[in-house]
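Novice: Below: one structure in structure tokens.
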Amino acid sequence: MNALTNAPMSNYVHIFDTTLRDGEQSPGCSMNVQEKLQVARVLDELGVDVIEAGFPAASDGDFESVKAVGDLGLNAIICGLSRTRHADIDAVTRSLETAKNKRLHIFLATSPIHREHKLKMSKQQIMDEMTSAVAYGRQWFDDIEITAEDAGRTELDFLVEYFQAAVDAGARVLNVPDTVGYVTPSEIRQQFLHLSTHVRRPDSVILSAHCHNDLGLAVANSLGAIEGGARQVECTINGIGERAGNCSLEEVVMALRTRHDRYQMRTGIDTTRLYPASRVVSSVTGSQVQPNKAIVGRNAFAHEAGIHQDGVLKHAETYEIMRPQDVGVPENSLVLGKHSGRHAFRDRLENLGFKLEQELLEVLFVKFKQLADRKKSVYDEDIEALVLGTHQSGPWHLDAISIHTEVDNADQSAEASLKLRFEGAAPRIYSGRGDGPVNAIVNAIKLIMNEELHVEEFQVSAVSSGSDAQGRAVVRATIGASRYQGTGVSTDIVEASAQALVTIMNRHHQHQGKSTAEPQLKAAV
């Protein structure tokens, strides 16, 4: 059930996913339009009630992304974030003009520290500003959500006044965020109990919890909020988000499902899609899931201790409170090879959560065959990496790379030559020297940039097992004032590093909103 009016208020918890908005604020987790559309489709298949697609007034790129998600015709409510400014509300209105189900989400800070130091507004001014924005938004939206930013540090009496005014103005969802991850589960439970009993509202108006994870309490606080009366939880896939992240969607959903005896709550989530959704978001953002991450981590259902293994073999429930298949973990890791056909390849893609159009599937199959010729066995992780590489988009394309290294007793140097294409232009070669292959690649890339490129972090890891495993290179870098993350995968780790840096070039190009004309480059052969 996606529409608010179709779900019983008593025991249904709406899942509001903000992976595309708050989750994208994780350093390096920015997504382009194509990647956001891929994630939006996955979220809709998962069964989330609301997809917060972005902040349309923030930039032209955000506006186009929200509009593109709204144009997909998904079943989920598509939500756009807005300040109280009329121009922001107008931007949400235009971006969601074609959405089947849509919501306006207005936020305004309420805590004493925000009132004094950021807004410099009185309580009455804040309420007047908010109710004016709701009245303005009601011209185009029946579904309006109001957020009291930093509600966790706001006086309870003022929150009651603020939300009562919002209800009276026509808001349907009252969001109570723990913006800085400050409160504890018992505190937030009491906060929601107080609001539940003191804010007069019809059954169609619900309370929502939006918890950050600065103290590692986001999921626990969201569950406490539900105990206090919240009937919407705002969360992200893999718990990504700014600073320490947001409430993890898969964790809160499985907590409600596994402990139904305690909470007596249900959601509309197809839990068998949780693991595939996690893998898609991880692939798109390049943000890897920690091995011991609850529900979707690699070790979530692994048992190493002998006594645990013995117990699980005799009866799974001795040490497993959930079955792997409940969250969509593949029952077996099918190993493909160069003799595997299209049917097996397509089937494995779908099991991993990737539903691709035929044209893209054919491109992937060719790359799969090329990979199978380079390594004996192709694992699930290899296939996910193939999808990741195929979905990278932007004007720059890496055609080839050549590395020459020299080592003597006194020094080591390397020269990198990159064959790059910009859009449909003829390829050109850019060369750089450095004290190693990756440094040489960075210096070659710098020839193209009009701003200083500074690599902050460089990580290399194996995608799958075996001596012929593909390597994943993750690069975090700044260009000017902006920070980006790029990921590359190849059986050649130097090539993977170059792919990651080209991804960063493309993200920067799209972030800047530059034209598709080939830029004036510093030096090229």
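Novice: So what is the diffusion coefficient of region 4-285 in µm² per second by Stokes-Einstein at 4 °C and 1.567 mPa s, using a Kirkwood Rh over Cα pairs? Let's see the in-between values first.
Specialist: Numbers: Rh = 18.4 Å.
Reported coefficient: 70 µm²/s.
Novice: Sticking with this one: R0 = 22 Å: FRET efficiency of S196 with Q124, Cβ-based, nearest 0.05?
Specialist: That pair, S196 with Q124, gives E of 0.35.
Novice: Grab the beta carbon distance between Q264 and S59, set R0 = 41 Å, and tell me the FRET efficiency rounded to 0.05. Spell out each step's value before the answer.
Specialist: On the way: r = 43 Å, r/R0 = 1.05.
Result of the calculation: an efficiency of 0.45.
Novice: Taking the Cα atoms only, what angle lies between the long axis of helix 60-70 and the longest principal axis of the chain, rounded to 10 degrees?
Specialist: Once rounded, the angle reads 70 degrees.
Novice: Once you place label points 7 Å from the Cα toward the Cβ at N299 and S413, how far apart are they in nm?
Specialist: 4.5
Novice: Once both axes come from the Cα atoms, what is the angle between helix 185-198 and the longest principal axis of the chain, in degrees from 0 to 90, rounded to 10?
Specialist: That helix lies at roughly 40 degrees to the long axis.
Novice: Let me ask something else. For region 242-282, place one equal point scatterer on every Cα, skip the solvent, and apply the Debye formula. What is log10 of I(q)/I(0) at q = 0.23, 0.27 Å⁻¹?
Specialist: The Debye formula, applied to the Cα set alone, gives -0.82, -0.97.
Novice: For Q370 and F458, FRET efficiency with R0 = 30 Å and r from the beta-carbon atoms, rounded to 0.05?
Specialist: The formula returns an efficiency of 0.70 here.
Novice: How far apart, in nm, are two points set 7 Å out from the Cα along the Cα-to-Cβ line at R483 and at R83?
Specialist: Between R483 and R83, the label points sit 2.3 nm apart.
Novice: Follow-up. Please give me the summed charge of the neighbours of C211: other residues whose Cβ is under 9 Å from its Cβ, Lys and Arg +1, Asp and Glu -1. Intermediate values should be presented prior to the final figure.
Specialist: Numbers: positive: none; negative: D178, E234.
That works out to -2.
Novice: Where both residues lie in region 147-255, what percent of DSSP beta bridges are antiparallel, nearest 5?
Specialist: On the way: 1 of 12 bridges.
Roughly 10 percent of the DSSP beta bridges within region 147-255 come out antiparallel.
Novice: Run the quick spin-label model on D492 and Q512: label points 7 Å from Cα toward the beta carbon, then report their separation in nm to one decimal.
Specialist: 2.8
Novice: A further question follows. With the Cα gyration tensor of region 337-390 giving a ≥ b ≥ c as the square roots of its eigenvalues, does the rule (a/c under 1.5 for rounded; else a/b larger than b/c for prolate; else oblate) give rounded, prolate or oblate? Spell out each step's value before the answer.
Specialist: Numbers: a/c = 1.43, a/b = 1.38, b/c = 1.04.
Cα axes put region 337-390 in the rounded bin.
Novice: Per-residue counts of other Cβ atoms within 10 Å, averaged by peptide: what ranking do you get for 85-94, 343-352, 118-127, highest first?
Specialist: Going from most to least packed, we get 85-94, 343-352, 118-127.
Novice: Just subtract the alpha-carbon distance of D142 and E359 from 0.36 nm times their residue separation and send over the number in nm, one decimal.
Specialist: Here the answer is 74.2 nm.
Novice: What is the angle, in °, between the Cα long axis of helix 437-446 and the longest principal axis of the Cα atoms in the chain? Nearest 10 is fine, range 0 to 90.
Specialist: Computed tilt is about 70 degrees.
Novice: Still on this model: Using only the alpha-carbon atoms of region 396-511, report the extent along each of the three principal axes, biggest first, to the nearest angstrom.
Specialist: That gives 38, 35, 30 Å along the principal axes, largest extent first.
Novice: While we're on this one: Looking only at region 354-378, which residues have a backbone nitrogen under 19 Å from a spot 7 Å from the Cα of H339 in the C-beta direction?
Specialist: So the set is 368-378.
Where a number appears in this text, it was derived from the coordinates with a stated rule and is not lab data. A quick note: this is a predicted structure, and the numbers were derived from the prediction, not measured. Please note: Cβ atoms are built from the backbone with ideal geometry, for glycine as well, and neighbour counts cover all protein chains shown.
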